[in-house]
Amino acid sequence: MKFFEIHETTHSVYLVLEYLPGGELLRKISRKKIIKDKYIRVIMKKILRGLAYMHNLGIMHRDLKFENLMLMNKKISSIRFIDFGLATFIDDENYIHKRCGTPGFVAPEVILKGKTQDYNEKCDVFSAGVIFYIL
């Protein structure tokens, strides 16, 4: 999702973000009883390319799930990642909320190693795998 600008008042902070009229990916696919293989391939290709892009920038999302995938328009190929509230830089040694994410989508190393050890961007790949399994 594109971020355009920010406005701050004494009581509020307003973010100007890209408008995504396609809505949530979850809503789009939940209307279908069966999702065709070709759509699953398109969805997963977009998700994995998006993750590769983020990871190349040194960012891990850490909360990848259906609710954080939006559509730019009605086409299933127009996926955008949203909600970077738990995102952090991969090389940051002291990231906030070591143990975070959504149950069912969070990688085991985030739960287990998050207590004492660091983990890396592969936690996002695990979440993508959960999405693939559900699809």
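Coordinate-derived values only; no laboratory data. These figures come from a predicted structure and were not determined experimentally. Backbone-built Cβ (ideal geometry, glycine too); neighbour counts: all protein chains shown.
For region 1-57, the residue among 50, 3, 29 whose Cα projects farthest onto the positive side of the dipole built from Cβ charges is 29. I need to check one value: relative contact order of region 20-134, counting alpha carbon pairs closer than 8 Å and at least 6 residues apart, in percent. The normalised contact order for region 20-134 reaches 30 percent. With 21 Å as the limit, write out which pairs from 36/122; 33/74; 2/46; 75/122 have Cα-Cα distances beyond it, or answer none. Exceeds cut-off: 36/122; 75/122. Placing unit charges on the Cβ atoms only, positive for Lys and Arg and negative for Asp and Glu, gives region 20-134 a dipole magnitude near 980 debye about its Cα centre.
How would you rank 60-70, 16-26, highest first, on the average number of other Cβ atoms within 10 Å across their residues? Present the calculation step by step, with values, prior to reporting the outcome.
Numbers: 60-70: 22.5, 16-26: 14.3.
Ranking the peptides 60-70, 16-26 by packing returns 60-70, 16-26.
The fewest-to-most ranking of 36, 28 by surrounding Cβ atoms within 10 Å reads 36, 28.
Amide H contacts of residue 59 (H built 1.01 Å from N, in plane; Pro and chain starts excluded): 90 sit under 5 Å, all sequence-distant by 5 or more or on other chains.
If you work out Kirkwood radius over Cα pairs in Å from the coordinates, which of (1) 14.1; (2) 15.0; (3) 16.0 do you get? Read-out from the structure maps to (3).
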